[in-house]
Amino acid sequence: MTSDDQISISSLAHERAKKVMPGGNTRSSVYEAPFPLYLKSGKGAFVTDVDGNSYLDFQNNFTALIHGYDHAEVNSALIGQVGRGLSFANPTESEIDLAEILCDRVPFFEQMRFTNTGSEAVMMAIKAARAITKRPKIAKCEGAYHGNYDYVETSFDPIPADWQTGSAEAKAYNDGTPASVLAEVVVIPFNDVVGTERVLERHKQTLACVVIDPLPSRAGLVPVDPEYLSFLREFTARHGILLISDEVLSFRLSYRGAISTYGIEPDLCAFGKIVGGGLPIGAVAGRAETMQVFDPSRGKPPVAQAGTFTANPLSMVAGAAAMRALTEVEVERLNALGARLRCELNRVLAASDIRGNVTGAGSLFCVFISDREVKDYASAYHAWQQRQLLSRLMSLCRDEGVLLSRIGLGALSTPMTETEITMLAVQFGRALARLAEKTPSAAVA
Ligand SMILES: Cc1ncc(COP(=O)(O)O)c(C=O)c1O
């Protein structure tokens, strides 16, 4: 396998990249020092890098590729569409197909709109909430990631001094965030009914929406508590505030999305990733009455949405093929494998000299290196403090032939079976042993 100090084609590619892109990078989340692996191809559950090394891939492009690589039906849908046209300034029937498939699956999806990314989907849902309620503010959980939109990227990485005061003030994530943006966001503590109620009570007259991710990756990849979700639903409904479920990551948790498993209906759902079959996508869906806010048939709608590549037929046909292949049985099989995987990795961790745990739900998981159980934003934050160690562990996993994202996040894909879980457990165990050897202090992380 590639090691950092060998001259590899990946390292040469990174040298080329640095000349034309800042840090050689166009996506901060895949930045890696001294250089990332440059990938060449993928097949099933495996990818191959430009140096010819093969890896079992649990990254699946940050969970988007639910069918892994080179899926026959997705490929054939794409090849067919390539011959018919890549994009048009008119709608195509492909968008109706995908919308019908998704509306048939999720009980409260009566109508939807497509976007190009999950970030855009969250942005459109927030714009809709503001237009409907005629209120400016949004509430989001501290530490939750909802994409790149200015308002939701605030308080993405709050430090203890920020959250321990119990203040609802949003903190800038990127330099240059205007004070006016911060003023329109209030921050609530994930899974804490009392703390959240205190904040929402104060701002209820000016809140357009509460955005909640049922399985927030940065707050520990721990599921939202049913009581917390019920409280949010009841409070928002009582005060005319919209509840937006951000399922960009977690839509794969069940055949009917994430929040449906709680028996709770949000006003809008923003989702994406897996529903594009591996191509760029996002979507906002809800009851027809709520979605009317986007309807241009009676003149300028309250929220006009555009986008040159919105609902482009390539994403639509790939998405439809991927969703048709993702049957309810297949979702359940992956979820059972996910439970096995978390159990196996926790067993391997417990038997190692490294303290940590593996969280997640369904077919998603996240590795934490920490001496405490990760169960909320605060415990996840302490684990993030061990980022260097986690990053080293992920590099060692890569050297053993398995890829997880740098933040320890992983996702199953449908080509995977028990065999891949066993392989991962073995590779992960070896990587842990090497980490303990190289970093004796890690044992008391
Ligand atoms: C919960 C959540 N919301 C929004 C986004 C943004 O989606 P995208 O990267 O497609 O813009 C992500 C991406 O990982 C996400 O996990």
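The values are calculated or read from the model by the stated rules, or taken from the named source; none is laboratory data. Source: prediction; values computed, not measured. Cβ placement follows ideal geometry from the backbone for every residue including glycine, while neighbour counts extend to all protein chains displayed. For the accessible areas, the whole protein counts, side chains as well, though only heavy atoms, and no ligand, DNA or RNA atoms are used. Shrake-Rupley method; radii C 1.70, N 1.55, O 1.52, S 1.80 Å.
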- Query: Can you name the residue in segment 322-336 that is under 24 Å from GLU95 (Cα atoms) and hydrophobic (A, V, I, L, M, F, W, C) and, of all such residues, is surrounded by the most Cβ atoms within 10 Å (Cβ to Cβ)?
  - Reply: ALA322
- Message: Please go through (1) outside any loop (DSSP other than H, G, I, E, B); (2) surrounded by 19 or more Cβ atoms within 10 Å (Cβ to Cβ) for VAL181 and return the number of the only condition it doesn't satisfy.
- Response: (2)
- Item | Residue under evaluation CYS103, criteria (1) modelled with pLDDT of 95 or more; (2) more than 15 Å from the ligand (Cβ to nearest atom); (3) in contact with a helix residue (DSSP H, G or I) (Cβ under 9 Å, 6 or more places away or on another chain), criterion not met | (3)
- Message: I'm trying to understand the selection: among the residues of segment 151-167, which are of a type in the set (A, V, I, L, M) and at pLDDT below 90?
- Response: ILE159, ALA161
- Only one of (1) out of contact with any strand residue (DSSP E or B) (no Cβ under 6 Å at 6 or more places or on another chain); (2) not in a helix (DSSP H, G or I) is not met by TYR55, so which one is it? (1)
- Item | Yes/no for LEU12 being open to solvent by 20 Å² or more (accessible area, probe 1.4 Å), free of Cβ contacts under 8 Å to residues at least 24 places away in the same chain and hydrophobic (A, V, I, L, M, F, W, C) | yes
- Those residues of segment 139-170 which are open to solvent by 10 Å² or more (accessible area, probe 1.4 Å) and within 16 Å of the ligand (Cβ to nearest atom), in sequence order: GLU142, TYR145, ASN148, TYR149, ASP150, TYR151, GLU153, PHE156, ASP157
- Message: Any residue at all in segment 231-244 that's more than 22 Å from LEU334 (Cα to Cα), basic (Lys, Arg), more than 16 Å from the ligand (Cβ to nearest atom) and open to solvent by 20 Å² or more (accessible area, probe 1.4 Å)?
- Response: yes
- Message: Given the options LYS140, LYS134, name the one that is on the phi > 0 side of the Ramachandran plot and out of contact with any helix residue (DSSP H, G or I) (no Cβ under 8 Å at 6 or more places or on another chain).
- Response: LYS134
- Message: Among the residues in segment 312-319, are any touching a residue at least 40 places away in the same chain (Cβ under 8 Å) and over 23 Å from ILE274 (Cβ atoms)?
- Response: no
- Within segment 247-287, residues open to solvent by 20 Å² or more (accessible area, probe 1.4 Å), away from the ligand (no atom under 11 Å from the Cβ) and not in a loop (DSSP other than H, G, I, E, B) come out as LEU253, SER260, THR261, TYR262
- Task: Please work out which residue is surrounded by the fewest Cβ atoms within 10 Å (Cβ to Cβ), limiting yourself to segment 201-225 and to residues that are under 20 Å from TYR145 (Cα atoms) and away from the ligand (no atom under 15 Å from the Cβ).
- Result: ASP225
- Message: Quick check on TYR173: is it touching a residue at least 40 places away in the same chain (Cβ under 8 Å), of a type in the set (Phe, Trp, Tyr) and open to solvent by 50 Å² or more (accessible area, probe 1.4 Å)?
- Response: no
- Task: Could you grab me the full set of residues in segment 74-119 that are assigned to a helix (DSSP H, G or I) and over 27 Å from the mean Cα position of the chain (by Cα)?
- Result: ILE79, GLY80, GLN81, VAL82, GLY83, ARG84, GLU93
- Identify, please: which residue in segment 87-96 is touching a residue at least 60 places away in the same chain (Cβ under 8 Å) and under 17 Å from MET323 (Cβ atoms) and is, among those, farthest from the ligand (Cβ to nearest atom)? THR92
- Message: Out of PRO226, PRO216, I need the residue that is modelled with pLDDT of 90 or more and in contact with a strand residue (DSSP E or B) (Cβ under 9 Å, 6 or more places away or on another chain). Which one?
- Response: PRO216
- Pick from ALA339, ALA311, ALA304, ALA318: which is assigned to a helix (DSSP H, G or I) and either open to solvent by less than 20 Å² (accessible area, probe 1.4 Å) or not assigned by TED's automatic domain parsing to the domain that holds VAL374 (or both)? ALA318
- Item | Given (1) touching a strand residue (DSSP E or B) at 6+ places or on another chain (Cβ under 9 Å); (2) loosely packed, with under 15 Cβ neighbours inside 10 Å; (3) closer than 15 Å to ALA321 by Cα, number of the condition ALA99 does not satisfy | (2)
- Members of segment 367-413 that are open to solvent by 20 Å² or more (accessible area, probe 1.4 Å), in a loop (DSSP other than H, G, I, E, B) and touching a helix residue (DSSP H, G or I) at 6+ places or on another chain (Cβ under 8 Å): ASP371, ARG372, GLU373, ARG406, ILE407
- Report, by residue number, each residue of segment 129-146 that is under 26 Å from the mean Cα position of the chain (by Cα) and in a loop (DSSP other than H, G, I, E, B). PRO136, GLU142, GLY143, ALA144, TYR145, HIS146
- Message: Suppose we filter segment 106-137 for residues that are within 14 Å of the ligand (Cβ to nearest atom) and among the hydrophobic types (A, V, I, L, M, F, W, C); how many remain?
- Response: 7
